[in-house]
1. Just list whichever of LYS84/LYS471; LYS7/LYS477; LYS270/LYS313; LYS313/LYS518 have alpha carbons separated by over 22 Å in the model shown.
2. Can you put HIS23, HIS470 in order of accessible area, largest first, using a 1.4 Å probe?
3. Taking only DSSP H segments of four or more residues, each worth -39500 (n - 2.57), what value at 222 nm results for the chain once the sum is divided by all its residues, to the nearest 500 deg cm²/dmol?
4. Among all the aspartates and glutamates, which ones have a C-alpha under 17 Å from LYS98's C-alpha, if same-chain residues fewer than 8 places away are not counted?
5. If each residue of separation counts as 0.36 nm, what is the full-extension length gain between THR126 and LYS7 once their alpha-carbon separation is subtracted?
6. Out of ASN274, LEU529, ASN316, whose Cα points farthest toward the positive end of the dipole of the chain (charges: +1 Lys, Arg; -1 Asp, Glu; placed on Cβ)?
7. Limiting things to C-alpha atoms, what are the Rg and the maximum Cα-Cα separation (Dmax) for segment 305-391, in angstroms?
8. Provide the FRET efficiency to the nearest 0.05 for the SER110-SER163 pair, computing r from the beta carbons and using R0 = 30 Å.
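The values are calculated or read from the model by the stated rules, or taken from the named source; none is laboratory data. Note that the structure is a prediction, hence the values are computed from the model and not measured. A quick note on method: Cβ atoms are made from the backbone with ideal geometry, for glycine too, and the neighbour counts reach across all protein chains shown. Ligands, DNA and RNA are excluded from the accessible area calculation, which covers all protein heavy atoms including side chains. Shrake-Rupley method; radii C 1.70, N 1.55, O 1.52, S 1.80 Å.
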Amino acid sequence: MSNLLNKASIITTPTAYSDGSLHSVKPVQTFGSELVENGDFATNSYWNLFGDTVIENGVCKIINQGSNANSGFNKSGLTTIGAKYNITFDVVSLTSGKLLIEKTTGQTISTITTAGTYSINYTATTTIIQFRRNFADGDFNFVIDNVSLKEVIDADFDFTRGSSAQRENSSDNIESVAANLPRIDYLGGTAHILLEPQSTNHSLNSEQPSTWHSSGNMTVTANSINSPQGTQNASLAVVNGTSGAVYTRNLCNLPSGSGTQTITVGYFVKYFNNQWVRLRSNFFSGSPANGKRSFFDIQNGVLGTVDSNHTAKIENYGNGWFRCSITFDIDKDTDTSGYVHLEPMTNNDTNTHAAIGQGYYAFGSQCEELSFPTSYIPTEGSTVTRLADECNNAGSSDLISSTEGVLYAEIAALANDGTVRYLALSDGTQNNRVTILYYGLENRIRAIVSSGGTNSMDKNFIVTSVLDFHKIAVVFKENDFSLWIDGFERRTDTSGLTPTGLDTLEFRLGGANNFFGKVKCVAVFKEALSDTELQKLTTI
């Protein structure tokens, strides 16, 4: 597999990121055409010279004549704001002072203090490139030659998320990630890029279970052990009587509305001395799922009995912590608040509560208007919204072939909920595209290749669960299209044209239908691989 990825023109894995970018890896860095016309200073033209600066004998000299504090040379109109560039140059000699490489005066790219050959990558914030002496460093004497400026043709994704968000780190602790930084998440044990939709936690006091409401038959002790955050802020809830209700719960304070709304409510729970807990919905109008129950084995991390009219999920967060959640519908014409009870039980299918002295550890309540649980959103007295992850605008026509190629991904869905979610190579429209997508039919992975608005291939394949990771490859070549999943060629089409003008790789298509899920790898190949290579690439 590693040898095959060396053939790729774009590779994205959970390895590198920075503020506003999810970095891709390419075998060889690619540059655009030369932007400087007189980088060898063969003529005394092109550059704007100022102060004690001259071009002579095929070099540019910035030499102190004793009168000019501001000396150097520049050229405007060379760069596009927001694009990435590589500038190379030789400092033939530097005998005094500091040489500044700038986007404009005051916006320094690099400070040079010794002679040598330099190669610097930067992102343009102006259209200018400038070489200038540093005002504060006295005398100056620089000789410069061989200036070259080229756009960097990279495959990095533009990443945005206008709020902080939580992730599971490699130590099995939940931690906060700042706004506009991608999340490398380890939930499930293997690193992956986590892309989630916007969601709001309507559970008002998630952080401290001792502030939740509990029945008179429960004693709740704050800060008993470390929570999934690795901080001692989880509570112990123990039965002190069994004649009546036995539970802890936190209020779901939903916004007003109308019609049916699907919500998901969950808690982090850890075994103390009682194996089973139950989540029971308790919304006030008698919603279809009101009073429905799901049982969770928090000693072994498995589901027990689940009533109809709702679904349940248990996730292992490490260190003995499990996140237990249920999803159900409410009537928002009458329901804007309610509870899901967290109850200690004797087994997985009866209404008998645990005995006195038995209980569980609890932390992190969450109530979302979604059909599945998303990453934890801490709250302290009010609702909190985590904004959506958006990862787009990677690639270029230099890195993506419109003649033939392969779009490869190892991905898993967050939910099997019927929404359309795209990973796409395109020309920025839906007319020319190579796509991998989840869509309305359950547990189906679909591949579409379109040329000029006409589909050359539109095939889908049923997998056991889209929630599991699958290795998927879409091959495109004139009259030769195929969909490979988990080591096998699942679908083919032998008639059609390839798309034209492919220059963009995005986790969406045409500005819509964002891909939300887990991503271990995305790769683009500029050639159609052989069947043997495709089998090796996609085998789980």
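1. On the way: LYS84/LYS471 32 Å; LYS7/LYS477 17 Å; LYS270/LYS313 15 Å; LYS313/LYS518 17 Å.
Violating the 22 Å Cα-Cα cut-off are LYS84/LYS471.
2. Working: HIS23 45, HIS470 15 Å².
Reading off the accessible areas and sorting them downward yields HIS23, HIS470.
3. On the way: 2 runs with 12 residues, N = 540.
Calculated from helices alone, the mean residue ellipticity at 222 nm is -500 deg cm²/dmol.
4. ASP52, ASP90, ASP137, ASP139, ASP145
5. Roughly 39.3 nm would be gained on extension.
6. Most positive-ward Cα: ASN274.
7. 15.5, 51
8. 0.35
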